[in-house]
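K.L.:
I have a structure I would like to understand better, so I am pasting it below and will then ask my questions one at a time.
Here, each number is a calculation from the coordinates, and none is a lab measurement. Since the structure is predicted, the reported quantities are computational estimates derived from the model, not experimental observations. For neighbour counting, all protein chains shown are included, and Cβ atoms are generated from backbone atoms with ideal geometry for every residue, glycine included.
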Amino acid sequence: MSSLIPDAAGADHAADLCPMGMVLTMQRRIQWCNDRFAASFGYDPDALIGQSMAVLYPTTTEFERVGQRGLEALFQSGTYEDERLMRLRDGGLRWFRVLGRALDRSDPYRQACWLFEPLRNSGGVDTLSVRQREVLSAMTRGLTSKECARELGISPRTVEKIRAQLMQRYDVHNAAALMSRISGMPG
C-alpha cells in the first residue's frame, strides 16, 4: 500500500498537473508556485519566488484588507475562501476565486497553501475605482450593504449608490446578475 504514496518527484508532478494555480506562502511571501499560478498572472514561476503577495494586489490597501479578513478566517477555521481582483504583470486586473489553508491555525500566515482559479470574464473590472472594487468584493462574500459599509467605514447609502452604479454599468437588475456578469458565469 505504501507504494501508492507519491515520492517528492510524484508530488511535484501532481502540482504541475493541477488545473488550478497553486502557491505556497510563508508570511505572505511566495515560497513556491506551480506554472499555472505564475502563468495566470503573466509571470514565470522564478520571477515570483521570494516576492510578497502584495505585488499581485491592485493596491496596498487591498492587500492589507484582504490579509486581515483572511487572517481572521484562518484563525477560526484554518481555511479561507473568497473571490477577488488581482493585478496581472501587465498591470491589468483579473477576477480570481481563491481558497487557502493554513498549516497552523494559531499562526496562519506562517505557512499556507492557496489555490487560485481565474474566472473566465472579469467584465472590464480594470476600469473600476478602488471603492467599486471593494464593494464588489464585499458583494461576492455575501455581505449586506450595512455590513459592507461597516467594513469599509462608509455609509450604507454610499454602498447602495455604488451598487446601483455597478448594476447600471453592467446592465443588470439585481446583485445576483451582477455577480454572474463579473465572474463570467452565464445568467
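K.L.:
With charges only on Cβ, +1 for K and R and -1 for D and E, what is the dipole size of region 1-116 about its Cα centre, in debye, rounded to 20?
P.N.:
So the magnitude is around 340 debye.
K.L.:
A further question on this structure: For Thr61 paired with Gln31, estimate the spin-label separation in nm (one decimal), with each label point 7 Å from Cα along the Cα-to-Cβ line.
P.N.:
Those two pseudo-labels are separated by 3.2 nm.
K.L.:
Tell me the label-point distance for the pair Leu71, Gln132, using the 7 Å Cα-to-Cβ offset, in nm and rounded to one decimal.
P.N.:
Here the answer is 3.1 nm between the modelled labels.
K.L.:
Separate question: Going by a ≥ b ≥ c, the root eigenvalues of the Cα gyration tensor, does region 1-95 fall in the rounded group (a/c under 1.5), the prolate group (a/b larger than b/c) or the oblate group?
P.N.:
Oblate, because a/c is 1.5 or more while a/b does not exceed b/c.
K.L.:
In nm, to one decimal, how far is the Gln51 label point from the Thr144 one, both placed 7 Å along Cα→Cβ?
P.N.:
The two pseudo-label positions are separated by 4.0 nm.
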